[in-house]
1. I need the helices (runs of 4 or more DSSP H) fully contained in the range 31-138, keeping only those with at least 2 residues that are of a type in the set (A, V, I, L, M, F, W, C) and under 25 Å from residue 235 (Cβ atoms).
2. Could you say whether any residue in the range 231-248 is open to solvent by 50 Å² or more (accessible area, probe 1.4 Å), in contact with a Phe, Trp or Tyr (Cβ under 7 Å, 6 or more places away or on another chain) and not small (Gly, Ala, Ser)?
3. If residue 196 satisfies every condition in (1) at pLDDT below 80; (2) touching a helix residue (DSSP H, G or I) at 6+ places or on another chain (Cβ under 6 Å) but one, which is the exception?
4. Within the range 260-275, is there a residue that is more than 19 Å from residue 312 (Cα to Cα), buried (at least 17 other Cβ atoms within 10 Å of the Cβ) and more than 50 Å from the chain's Cα centre (by Cα)?
5. Would you please list the contacts, defined by Cβ atoms under 6 Å and residues six or more apart or on different chains, that run from a residue in the range 577-605 that is hydroxyl-bearing (Ser, Thr, Tyr) to a residue that is in a strand (DSSP E or B)?
6. Return the residues of the range 581-592 that are buried (at least 17 other Cβ atoms within 10 Å of the Cβ) and among the charged types (D, E, K, R); say none if nothing qualifies.
7. Is it the case that the range 627-635 has a residue that's part of a helix (DSSP H, G or I) and open to solvent by 60 Å² or more (accessible area, probe 1.4 Å)?
8. Does the range 188-226 hold any residues that are farther than 23 Å from residue 246 by Cα and surrounded by 16 or more Cβ atoms within 10 Å (Cβ to Cβ), and which are they?
Amino acid sequence: MSRFPIFWLLAFLFLCMACRGDGRKVAVSGADDLRLGEYFMFYNQVSDSLTSNPAWARRQVRDRMARSADSLEWYYYAGILLKTFFFTFDVDSVTDYYAKGRQFWQRQEDSPLMADLISEYDNIMGNLYSRLGRPDSAVPYFVKAYRWRLRGVRKENTPDILMNLADVLGRHGQFDRGAFWYRKALTVCDSLNLPDSKKLAVYYGLGQIYMALRDFDLCDQYFDLAGKHYDKMLTYERYIYLNNRGNSYYFRKDYRRAMDYFRRCEALVSEHRSLVFERNLCYLNMGDVFLRMGEVDSSEAYLNRCLPFFRSTGAVQALYYADTQALGQALARHDMDKVRSIMAKPFPQMQLEPDIMLIRMAYLQQYFRENGDYRNAYHYQRQREHIEDSIRSERVRMRVADAALRYQQDSTLMVQKSLIRQQESEMLRLRQVRTIWLALCIMAMVLVGVIYMYSKKKRALLLSQNRRVVSSLRLENLRNRLSPHFIFNVLNQEMAGRSENERRGLSSLVKLMRRNLELAEQLCVNLTDELDFVQTYLDLERRSLGPDFQPEIRIDPSVEPRTTMLPSMLIQIPVENAVKHALRDKVGQRRLWIEVERVDDGNISIKVTDNGGGFRKVSHSKGTGTGMKVIMQTIQILNMKNREKIEVGVHDVILPGGEKGCEVWYILPEKYDYTI
């Protein structure tokens, strides 16, 4: 069976690599020259027309080149023009523009955009030499294109270069290496997150490789993957897919199904007249299939339709195979004169495809056998068997090598995936830890907020309760001192019938009571007002206690009484308690000291000391203890707001004369806020 369809499919596939990827929509990302932005947009617009209508695309490109002032931009447009010449098989124009581009970039400095430009030109030249049947010349261009592409910005086109290398290796019969580079291209596509449309050529390239290795299960598997996206394929991609599938059934000797695909190819290329090479390749394949089906007239008709094109291009391999088809047609008609004429035709010395040689030998064996020359018939039979054995052994070796490479590649991918999964697991663990810590922080903040709001509410509630308690205590204290209005009325009536001295004493009492009422309504007063009230009270008590009562008030000169604030009744209540519970019933000299001084840290110290025998839990004088409760509650409320607290103390002291007394002391902070 003929391998000729594969050979020309390979050549055609090299052709399509020039546009595959590069001919698809191009993203502007990575272009560091804003002037090339218009080029990329234009390229997206004409890319589909490069194969369907290259003449129109060529006119559009030349118009852009005429208006382009930037040399780099000009050569980018020239790269599109070079592709249009390639699709119309204008070899001279392709080589001419490549030479111009080479002269340009040799004068320029390296840059990512320049690397992309060189890669584009080298890729097209590699495809050109592939199309001309010169794979040894194509390989270096593809290698250079691949290296330049790695230095450029359009990394999404890297798989195209790898597919070209795979095709060239397949052209040399190195199907195992070709399959390796195809799978490498798939890996690159996945790593770059390229769409499935980028993988189409890889799928039918692998299908072609396994078709050559006669592994039709894998062949159909990859062709089916490509066929799922047939509606999204470009014109040349559809042609490659149909042609390859036809070849796969050709090698299985299922000529009817092979012909179905080749007829679809014929319909496709008939709609696009610019695909000249593809159309004639399709005719040549159909001629071979018709010959296998015994339809010699149809085979000869299709062969005659494509011969003028291949003669004009000088494609030696194609002409040799066409000549082999003509030999088979002559044998089918028993036209021995024509057979001898074809056998006498000389051909240049060149490396021929083994399958083509097998076909030729089968026809020659048939010719000599029908002419009774059994020696030559046996000779060609032995040569056929030798080549078939070599091909079979080579296929087995290729399959083993391909399996080894697949195992090696799969193992490498498994290691990479394992490392990636480990990294993903580590990242997931770090994200989980971070999420847990974040949740804990949020919960802690919420908890702190709740505690703060609860404390604030509790503090406000406690403050409100304390205010109510102080108010009630103050009212109770005032009630214990009798109703001031009632007292004022009684005293005013009594004063009307009294002498001058008696009215003076009663007037002091009225003043004391009025002042007491005023101070009781205030939370804080200055030291002057407090001591004035205390002095008035002591003057009144001195009359009842007699000359033995000797109160003494001492104020440190460093203390300013009018600016020194203190809680209301802070001194008054301890003084009243000292007179009422300690000094009133004392026999002998009754002493009372009130000292106000500034201590070393700037705070104010207030002491109320008596010589009444010390602190007594039980006194002969009846009392409710309301006064000290008011003082302690007031200090407690004020201390809740201030960082520095008012300190309070009550203890017994031994006086200089040996007497025992009681001392009430306060420490008022220098900077203390008395507002609520």
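The values are calculated or read from the model by the stated rules, or taken from the named source; none is laboratory data. Computed from a prediction, not measured in an experiment: that's the story for all the values here. Cβ placement follows ideal geometry from the backbone for every residue including glycine, while neighbour counts extend to all protein chains displayed. Surface areas here come from the heavy atoms of the whole protein model, side chains and all, with no ligands, DNA or RNA. Shrake-Rupley method; radii C 1.70, N 1.55, O 1.52, S 1.80 Å.
1. Numbers: elements: 37-46, 49-52, 54-67, 71-87, 91-106, 112-131.
Because the criterion is at least 2 residues that are of a type in the set (A, V, I, L, M, F, W, C) and under 25 Å from residue 235 (Cβ atoms), the helices (runs of 4 or more DSSP H) in the range 31-138 that meet it are 37-46, 54-67, 71-87, 91-106, 112-131.
2. So in the range 231-248, the residues open to solvent by 50 Å² or more (accessible area, probe 1.4 Å) come out as 231-232, 238.
From the residues that got through so far, the ones that are in contact with a Phe, Trp or Tyr (Cβ under 7 Å, 6 or more places away or on another chain) too are 238.
Next, from what is left, pick out any that are not small (Gly, Ala, Ser): 238.
There is at least one residue in the range 231-248 that is open to solvent by 50 Å² or more (accessible area, probe 1.4 Å), in contact with a Phe, Trp or Tyr (Cβ under 7 Å, 6 or more places away or on another chain) and not small (Gly, Ala, Ser).
3. (2)
4. no
5. 605/597; 605/667
6. Looking only at the range 581-592, we keep the residues that are buried (at least 17 other Cβ atoms within 10 Å of the Cβ), and these are 581-584, 586, 590-592.
Answer for the range 581-592, where residues must be buried (at least 17 other Cβ atoms within 10 Å of the Cβ) and among the charged types (D, E, K, R): 584, 586, 590, 591.
7. If we filter the range 627-635 for residues that are part of a helix (DSSP H, G or I), which is where we start, we get 627-635.
Subset that is open to solvent by 60 Å² or more (accessible area, probe 1.4 Å): 629, 632.
Within the range 627-635, one or more residues are part of a helix (DSSP H, G or I) and open to solvent by 60 Å² or more (accessible area, probe 1.4 Å).
8. Scanning the range 188-226 gives 188, 189, 194.
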